[in-house]
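One structure is given below, encoded as structure tokens.
The values are calculated or read from the model by the stated rules, or taken from the named source; none is laboratory data. As the structure is a computational prediction, the values presented were derived from the model and not from experiment. Ideal geometry is used to build each Cβ from the backbone, glycine not excepted, and the neighbour counts take in all protein chains shown. With ligands, DNA and RNA removed, areas are computed over all heavy atoms of the protein, side chains included. Shrake-Rupley method; radii C 1.70, N 1.55, O 1.52, S 1.80 Å.
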Amino acid sequence: MEKEPMPEEIMGPDKKKIEALEAKMKELGIHREDIKEKFIKASGRGGQKVNKTSSAVFVSHEKTGLSVKSGKHRSQHLNRFLALRSLVEKIEAKMTGKNDLETQQVEKIRKQKQKRKKRNQMNLKRRQVDKV
């Protein structure tokens, strides 16, 4: 008879990934004591399970003031890992001075919106001039 996998084995990150994350934290000098975790109710897909359980994770690093919320999955364990990994990436980006991918995407969208707004204002001014 085969042993049934435990719930931790089904949902959640691999042990190797957890060890790699802990090694990266140690390398960057991030201590678990500096990280504050809060478990909150997630929103979105998942049905009644999501509405009843606190599966989303809000993680913040007290020294840098950076914070991350993760609630994509129904598993609290997996959300906790993803939030912690994202936080470590943000801290690393701040320490090295390089923008992480997410920050670059947000910056790109912000510039696009500024261009669009400027273009719309110019078109509005042209219409007003044409009416006169």
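Please note which strands (runs of 3 or more DSSP E) are completely contained in the range 1-117 and include at least 1 residues that are open to solvent by 100 Å² or more (accessible area, probe 1.4 Å), modelled with pLDDT of 90 or more and in contact with a His (Cβ under 9 Å, 6 or more places away or on another chain).
It comes to 35-40.
Among the residues in the range 83-95, are any farther than 28 Å from K16 by Cα, without any contact (Cβ under 8 Å) to a residue 24 or more places away in the chain and not polar (S, T, N, Q)?
no
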